Amino acid sequence: MVNFKEAIAELIAAEVTDLELAEIQNMIEVPQDSKMGDYAFPCFKLAKVMRKAPPLIAKNIAEKIAENQMFEKVEQVNAYVNMFISKEALVKDVVDTVLAEGADYGKTNIGNGGNVVVDFSSPNIAKPFHIGHIRSTVIGNAICKLYRALGYNVIGVNHLGDYGTQFGKMIVAYRHWGNREDVVNEPIKTLLEYYTKFHVEAETNPALEDEARETFAKLEAGEPEEKELWQWFRDESLKEFNRVYDMLGITFESYAGESFYSDKMPAAIQEMRDKNLLVPSLGAEIVELSQFGLTDAPVLKSDGSSIYITRDIAAAKYRMDTYNFVKDIYVVASQQNLHFQQLKKIIELMGYEWCKDIIHVPFGLVSLEEGTMSTRHGRVVFLEDVLNRAVEQTKEIIREKGVNTENIDETAKIVGIGAVVFNELSNNRIKDYVFSWNKVLDFNGETGPYVQYTYARCASVLRNAGEEAVKAAQAGIKAEYITSESAFALAKLIYRLPQVVIEAADKYEPSIVTRHLVDIAQGFNRFYHDEHILVDNEEEKTAKLALVIAAKAAIKNGLALLGMEAPERM
RNA sequence: GGGCUUGUGGCUUAGCCAGGAUAUAGCGUCGGGCUUCUAACCCGAAUGCCGGGGGUUCGAAUCCCUCCAGGCCCGCCA
């Protein structure tokens, strides 16, 4: 496709020699109101260098570039050069490109096969997979897909929280009050009960805490009894997690969690020691970071056992050795900002220049209307329940509408789960939010079902048009029939998708894609409402169908980047 | 106390990084649109001192300073 911004920048650069090409391209903007053009160039900044009034400069530029075939019209309005791209040229360019590229539309190859590690989801074993986990899981999955679309080789890592004192607690609780049968029947629920009971009992019996630490130390030392229990808890928990991952259609390239690094930590610790980074402090060993504006990081407990930052150091080294990554992305809550700053700094102090490629992608907190989520206090909403309820509600809606009851299970799954995923990816990830059943189960307005519905509408039009007509559209069109205001607006939105994908990946912000999909869907629905597509005039119908095919492909590809499917009927 | 972060119509929210023309949308409210391709849709109306104050600039929601309010984090949890 033609890069209009670039082409315009070149045209203007020929007239304005005082500025660099890149700077000019940066100044070109897309007006909020399309009545002011498809692109605009403000001339205020040029006033100083050119020593002329901005409107005069704008007038000059407008006159000079107006003849270019790319434009339908170029106007000077005050200090602005407002440019209107030839509708026919743009629409044809977009439609031809999307129809040719199909499922690849939106992809680029700027990654050139480089390895990107994405550490995401990473739940704690033996704890419930609750609504808070949706953030890392769904955002991380989308970031994986975005980077793949940019031509990177992505390694999705589920860095399971399968190690640490918590397992000491779990094992202690199981030994005191546990029952094998309960664990087998309902692993997470039962293990959570043990964990909760442990904390209740520990309040009156502090010796339990010591027992738990001791038990974890045994586990880390490889004692068979502890190890067996740990393995069992881990296996049972993973079974439950995989149910949720299956529903969400999420897979990982690696499940190397914290325990995976237990035998890799001694080398990392030794290396830090050799590099004189470890300092004894209150019985423990720390890395001093106060001179860098950070707080000191303890990396070894007084009993010699490891802490999570120790494991993260070993993990980062392992990933570099194994994958030679260009980026090592951690999709982890903003609560851990300090932790990742410390991690980066320690890697830097160890002398590794790739510390700059360690990227923490933070996100805000999810709370409940009753307050902060707390597994210990049983104040928790399970992700699986949310997904199931969304699917159930979708089924009810489909039954009410009486459409497509044949594949109701399949459709309800795509739409219900899509609604939850889309909702999660709608806002800037850094913001905190309060989980609300009403909001996730609202399927009107800027929602997943809205976008999917638009997709189904596209599919429906194409079905009604028949295979012959669709084939004709794919063979070539007369673009003059799709230059109406709403058709052109839709084409422009589809045109922007590849740039939107790049921007979203660049900022690790899937919501940029989500928002754009809503825009495309709105654009399509306006077009659909304003114009009759299946008209008698064959050439007109063919051109309009081509635009429908393009919109449908853009929506499908965009949803795929968010980890969502698109139903042909709903 | 220190650090990070958020604050935009009744509610949710885009724009802030790379400053520009009447501040983006959705929900809700009010009004309108199905004998035409799926009404989970579309159109219209009302609603904003963009947290407060100062500064930089021809121009500030956007940059700088400061204050206020919320959230998170500050050595052996993750």
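In this simple spin-label model, placing a label point 7 Å from the Cα along the Cα-to-Cβ direction at both A:Ser436 and A:Ala475 gives a separation of 5.3 nm.
Note on segment A:362-393 and segment A:231-300: Cα centroid distance 26 Å, given to the nearest whole angstrom. Approximating the spin labels as points 7 Å out from Cα along Cα→Cβ, the A:Val2-to-A:Lys218 distance works out to 7.5 nm. Peptides A:14-26, A:62-74 ranked from most to least packed give A:62-74, A:14-26, packing being the mean of other C-beta atoms within 10 angstrom over each peptide's residues. Given their separation in residues at 0.36 nm each and the Cα-Cα distance between them, A:Val200 and A:Glu503 gain 104.3 nm when the chain is fully extended. Considering only A:Gln452, A:Val74, A:Ile139, and ranking their Cα positions along the charge dipole of chain A that arises from unit charges at the beta-carbon of Lys, Arg, Asp and Glu, the one farthest toward the positive end is A:Val74.
Given their separation in residues at 0.36 nm each and the Cα-Cα distance between them, A:Lys64 and A:Thr97 gain 8.9 nm when the chain is fully extended.
Between the helical axis of A:308-323 and the dominant principal axis of chain A, each derived from Cα atoms, what acute angle in degrees is found, rounded to the nearest 10? With rounding to tens, the tilt is 50 degrees.
Note on chain A: Kirkwood radius taken over Cα pairs, Stokes-Einstein applied at 20 °C and 1.002 mPa s, translational D equal to 79 µm² s⁻¹.
Within straight-line reach of A:Lys59, meaning a Cα separation under 19 Å, sit the following lysines at least 8 residues removed in sequence or on another chain: A:Lys35, A:Lys45, A:Lys48, A:Lys73. Given R₀ = 51 Å, what would the calculated FRET efficiency be for A:Asp18 paired with A:Val279, taking r from the Cβ atoms and rounding to 0.05? Calculated transfer efficiency: 0.35. Ranked by the mean number of other Cβ atoms within 10 Å per residue, highest first, peptides A:283-290, A:84-91 order as A:84-91, A:283-290. Among beta bridges identified by DSSP and lying wholly in chain A, the antiparallel ones come to about 60 percent.
Between the helical axis of A:337-349 and the longest alpha-carbon principal axis of chain A there is an angle of about 80 degrees. Sorting A:103-114, A:451-462 by their mean Cβ neighbour count within 10 Å, with the most densely packed peptide first, gives A:451-462, A:103-114. A simple spin-label model places pseudo-atoms 7 Å from Cα toward Cβ; at A:Met36 and A:Glu225 they are separated by 7.6 nm. Once the Cβ-Cβ distance of A:Asn428 and A:Tyr318 is raised to the sixth power relative to R0 = 35 Å, the FRET efficiency obtained is 0.65. Extension gain for A:Asp385 to A:Ala47 (0.36 nm times residue separation, less C-alpha to C-alpha distance): 115.6 nm. Kirkwood radius, segment A:233-324, all distinct C-alpha pairs, inverse of mean reciprocal distance: 15.4 Å. Would you please classify the overall shape of segment A:160-251 from the alpha carbon gyration tensor, given that a ≥ b ≥ c denote the square roots of the eigenvalues, rounded means a/c under 1.5, and beyond that prolate means a/b larger than b/c while oblate covers the rest? In terms of gyration-tensor shape, prolate. In the structure shown, the pairs A:Lys5/A:Lys356; A:Lys52/A:Lys87; A:Lys275/A:Lys345 are assessed against 21 Å; a Cα-Cα span above that value is assigned to A:Lys5/A:Lys356; A:Lys52/A:Lys87.
Each reported figure results from applying straightforward, stated rules to the coordinates on display, with no laboratory input. It should be emphasised that the depicted structure is a prediction, and the values quoted were computed from it without experimental measurement. Note that each Cβ is placed from the backbone with ideal geometry, even for glycine, and that neighbours are counted across all protein chains shown.
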